[in-house]
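For reference, the structure is listed below as structure tokens.
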Amino acid sequence: MRRFKLQVQMSVDGYMAGPNGEMDWLTCPWTDDINAYLDALTEPVDCIVLGRRLAEGFIPAWAAGPEGEDQASIDKMNNTPKVVISDSLAESPWENATVMGGDLTKTVAELTSRPGGDIITYGGATLAQRLIAANLLDELHLLVNPVALGSGLPVFADTGAHQKLHLVAARQFDCGITALHLEPKRP
């Protein structure tokens, strides 16, 4: 079966964005060591899963070829098929993207049972929280930035229950970000 991965940037106090979705706190510029780490993480990926709100910015931004990104990364992002998780869209307005809705557990089971490489999601916040809370991810790659926000959009939803995780690896990069590779502890 395919591995389903989450990659998300977060603050040390657990937020992926500020209270109004602000992303101005991210550590930049990235250094060669983190770029190599992320290239290795995404190399086996052949499907990107996004929430609708993130897709609205993510897909057009990569289609425009973001400044500072190398052409290989731009091509990888644009050429990798995308699945947008949404109950409000009937069809995809974007090239190389399909829409799936309904029961999230069934949707993920269908995606992971298909032949192919790994699947990655970058969120957004609502989708990432739902995937973590439902224990639907195989790997969590949390890019912890050296900043505390105090409030914002949390990576982990308040489910009222503990979510046990196993630390597979931790690595600090020259830009100040620390990557935590975690996997859910499953019964």
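The values are calculated or read from the model by the stated rules, or taken from the named source; none is laboratory data. What you are looking at is a predicted structure, and each value in this text was computed from that prediction instead of being measured. FYI the Cβ positions are ideal-geometry reconstructions off the backbone, even for glycines, and counts take in every protein chain you see. We work out accessible area using only protein heavy atoms, side chains counted, and drop any ligands, DNA or RNA first. Shrake-Rupley method; radii C 1.70, N 1.55, O 1.52, S 1.80 Å.
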inquiry  = Among the residues of the range 90-104, are any over 30 Å from Asp33 (Cα atoms), in contact with a Ser or Thr (Cβ under 6 Å, 6 or more places away or on another chain) and hydrophobic (A, V, I, L, M, F, W, C)?
reply    = yes
request  = Return the residue satisfying two criteria in turn: it lies in the range 146-187 and is out of contact with any Lys or Arg (no Cβ under 8 Å at 6 or more places or on another chain), among the polar types (S, T, N, Q) and at pLDDT 95 or above, and of such residues it is most open to solvent (accessible area, probe 1.4 Å).
outcome  = Gln172
query = Which condition does Val12 not pass, out of (1) surrounded by fewer than 13 Cβ atoms within 10 Å (Cβ to Cβ); (2) touching a strand residue (DSSP E or B) at 6+ places or on another chain (Cβ under 7 Å); (3) without any contact (Cβ under 8 Å) to a residue 24 or more places away in the chain, if it passes all the others?
reply = (3)
task = Quick one: which residue in Asp39, Asp33, Asp75 is in contact with an Asp or Glu (Cβ under 8 Å, 6 or more places away or on another chain), modelled with pLDDT of 90 or more and not hydroxyl-bearing (Ser, Thr, Tyr)?
result = Asp33
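Looking only at the range 86-98, count how many residues are under 22 Å from Ala133 (Cα atoms) and either hydroxyl-bearing (Ser, Thr, Tyr) or modelled with pLDDT of 95 or more (or both).
To start, the set of residues in the range 86-98 that are under 22 Å from Ala133 (Cα atoms) comprises 86-88.
Add one more test, that the residue is either hydroxyl-bearing (Ser, Thr, Tyr) or modelled with pLDDT of 95 or more (or both), and what stays is 86, 88.
Qualifying residue count, the range 86-98: 2.
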request  = Determine whether the range 115-124 contains at least one residue that is crowded, with 19+ Cβ neighbours inside 10 Å and among the aliphatic types (A, V, I, L, M).
outcome  = yes
task = Inspect all residues belonging to the range 120-135 and state whether any of them is of a type in the set (Phe, Trp, Tyr) and touching a Leu at 6+ places or on another chain (Cβ under 9 Å).
result = yes
